[in-house]
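The structure under discussion appears below in the form of structure tokens.
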Amino acid sequence: MMTAEDNELLCHVVGDAPMGQLMRRHWQPVCLSEEVLDPDGAPVKARVLGEDLVVFRDSDGQIGVLGEKCPHRGVSLVYGRNEEGGLRCLYHGWKFDVHGKVLEMVSEPAASGFADRITHQSIPSIEWAGIVWGWFGPADQVPEFVPPRWAPTADVRVSIAKVLIPCNWAQILEGAIDSAHSSSLHSSDMVPARVDGAKATSQLWLRPSTDKAPRLQVDMQSYGFRYAAIRRPIKDAATHDYIRSTVFVAPATVLIPPNNLYNVANINVPMDDTNTAFYFIAWGHPSQTPEVETWRRFLRQTVGVDLDSEYRPLRTPANRFWQDRQAMKAGNFTGITGFPNQDIAMWLTMDPIAKRHHDRLGASDLAVVEFRRQMLAAVRAFSEGSPAIGTGNQAIPAHICSYQAIVPKSVDWRAYDVRYVWADGTERPELEPSYSVRA
């Protein structure tokens with residue numbers, strides 16, 4: 001059982017909180033590229049690890065990630081003019097380039113040299129896989145950006161649904177590594193069927209098992225861990241197991257077991273202690289991975305339909321997540337459409353930060369237990385001077401991936417030969433060399 005103090009250590013990320021400092025040693029998503037698509041377009045507000053930011057694309061198409069508040073008098077630059085190579089504050093006309101350099105200071109005498117003595121906060125950034133990434137760690141320790149395992153090359157189609165969720169990052173992460181709940185909470189969307197493996201249709205994900213009580217086994221690694229949820233398959237149960245193997249990539253990424261067409265992942269970015277930017281990802285070969293809007297419709301995460309213009313859910317506790325009790329009487333398990341919405345309903349009812357010291361965990365919670373144990377050990381080691389978990393030579397190897405398969409009982413799931421899902425008859429791309437951020 002966790003103590004209340006351990007729960008705070010795991011969950012808190014703002015300011016000098018040790019977990020937040022550990023996360024600052026990893027590149028973090030700031031926003032989607034689609035939010036700042038046009039040069040000289042409207043700036044957008046972002047929040048990462050308790051820092052308020054403004055993101056904009058300048059006249060040349062370069063991305064700038066700056067502190068939201070103007071260094072002059074502290075007003076928001078989100079309302080500024082994005083024009084002619086920089087972002088201009090409305091209050092007194094100070095103008096900044098994407099590096100935080102002052103280009104103009106119209107309210108001050110040109111001869112004063114004041115502009116040369118001011119530099120605004122600028123976050124090193126890079127675009128990859130439809131996301132603007134930022135480095136929030138020490139400015140003199142900016143590492144090369146290495147593409148994530150869910151977007152290894154530019155040839156991969158990556159479709160992302162973004163949702164801003166008003167709860168702590170850790171309970172969202174724990175949901176992603178909890179395979180047992182999918183057999184209950186998502187049972188109307190991940191449907192048992194007599195198939196030879198996990199299958200995707202336009203409406204459902206089919207799975208070859210009716211077993212709701214998986215046996216869990218965990219393989220601890222330097223980057224996080226792999227685990228298997230082992231179930232009885234519908235066919236050949238005497239000789240085979242149905243394996244769903246999930247990969248936790250510290251500090252906050254999960255490679256979710258794929259279907260037959262595309263791979264699935266998520267990354268959870270703490271905005272602060274009680275708000276999280278949740279990115280749910282389909283990736284794979286362009287011929288069989290859904291396009292962005294198709295993916296969002298499937299998940300019921302379309303902006304303007306399910307989310308407001310700032311990616312916040314329209315389904316809330318106040319409207320009971322649009323739960324349909326008549327649909328439940330007709331056989332739908334939750335009455336909530338879109339399986340991420342089912343998850344969100346559960347996460348939000350845990351309170352903004354789940355009280356883990358009240359939990360009563362069972363055998364099906366093994367991955368959750370190991371996540372808590374590993375991350376608490378990692379943050380304590382980091383506080384004592386060790387490298388952040390998952391960095392340097394502790395990073396996830398390129399060959400590691402999640403999988404679903406019906407496997408002979410004689411085969412160890414850890415040694416099962418598997419690669420990520422890709423179109424038949426085409427060559428899978430390998431992880432390319434890392435990409436450096438701009439100076």
ask   = What is the set of long-range amide H partners of Q221 at a cut-off below 5 Å, with H atoms built 1.01 Å from backbone N?
value = R226
ask   = Which is farthest toward the positive dipole end of region 335-425 among A423, V407, A395, measuring Cα position about the Cα centre, with Cβ charges +1 (Lys, Arg) and -1 (Asp, Glu)?
value = A395
note = HN-Hα couplings for region 411-427 via Karplus (6.51, -1.76, 1.60; θ = phi - 60°), in whole Hz with x for Gly/Pro, come out as 9, 6, 4, 5, 9, 5, 7, 8, 10, 5, 5, 8, 5, 4, x, 10, 7
key: region 166-291 - accessible surface per residue (Å², probe 1.4 Å)   = 30 Å²
task = Mind running the shape call on region 282-342? Use the C-alpha gyration tensor, a ≥ b ≥ c as the square roots of the eigenvalues: rounded below 1.5 for a/c, prolate if a/b tops b/c, oblate otherwise.
result = oblate
request  = Would you check the accessible area of D424, probe 1.4 Å, heavy atoms only, in square angstrom rounded to 10?
outcome  = 150 Å²
request  = Determine how large the accessible area of V75 is when every protein chain is in place; take a 1.4 Å probe and give Å² rounded to the nearest 10.
outcome  = 40 Å²
request  = At a 1.4 Å probe radius, which order do D343, D155, D116 fall into by accessible area, largest first?
outcome  = D116, D155, D343
remark   = Along region 76-84, Karplus-curve 3J(HN,Hα) (6.51, -1.76, 1.60; θ = phi - 60°) to the nearest Hz, with x for Gly and Pro, reads 6, 7, 4, 8, x, 8, 9, 7, 6
Among beta bridges that DSSP assigns inside the chain, antiparallel share in %, nearest 5 = 95 percent
request  = For region 139-153, just list the computed ³J(HN,Hα) in residue order, Karplus coefficients 6.51, -1.76 and 1.60, θ = phi - 60°, integers in Hz, with x standing in for Gly and Pro.
outcome  = 5, 8, 10, 6, x, 4, 7, 10, x, x, 5, 8, 8, x, 9
request  = Can you bin region 178-269 into rounded, prolate or oblate? Criterion: square roots of the alpha carbon gyration tensor eigenvalues sorted a ≥ b ≥ c, rounded for a/c under 1.5, prolate for a/b above b/c, oblate for the rest.
outcome  = oblate
request  = Calculate the spin-label point distance for L314 paired with L376, positioning each point 7 Å from the Cα along the beta-carbon direction, and give it in nanometres.
outcome  = 4.2 nm
message = Quick check: the distance between the Cα centres of region 344-409 and region 197-273, to the nearest angstrom?
response = 14 Å
query = At a 1.4 Å probe radius, carbon and sulfur cover how many percent of the accessible area of the chain?
reply = 51 percent
Anisotropy class of region 348-439 from Cα gyration tensor, a/c 1.5 cut = oblate
ask   = Near K235, which lysines are there with a Cα under 17 Å away, not counting those fewer than 8 places off in the same chain?
value = K199, K212, K409
key: Residues with amide H under 5 Å from that of H240, placed H, sequence gap 5 or more   = K409
ask   = Using 0.36 nm per residue, how much length does the chain from T3 to T302 gain when fully extended, once their Cα-Cα distance is taken away?
value = 103.8 nm
Value of [θ]222 nm, deg cm²/dmol, for the chain, DSSP H segments ≥ 4, -39500 (n - 2.57) each, nearest 500 = -4000 deg cm²/dmol
request  = Report F333's accessible area, 1.4 Å probe, all protein chains in place, as a number in Å² to the nearest 10.
outcome  = 110 Å²
message = Amide H of A200 versus every other amide H placed in the peptide plane: which residues, excluding those fewer than 5 positions away on the same chain, fall under 5 Å?
response = L206, N260, L261
key: Sites K212 and Y91 - FRET efficiency at Förster radius 56 Å, r taken between beta-carbons, to 0.05   = 0.45
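The values are calculated or read from the model by the stated rules, or taken from the named source; none is laboratory data. Everything quoted here is computed from the prediction, not taken from an experiment. For neighbour counting, all protein chains shown are included, and Cβ atoms are generated from backbone atoms with ideal geometry for every residue, glycine included. Ligands, DNA and RNA are stripped out before the accessible areas are found, and what is left, the full protein with its side chains, is counted by its heavy atoms. Shrake-Rupley method; radii C 1.70, N 1.55, O 1.52, S 1.80 Å.
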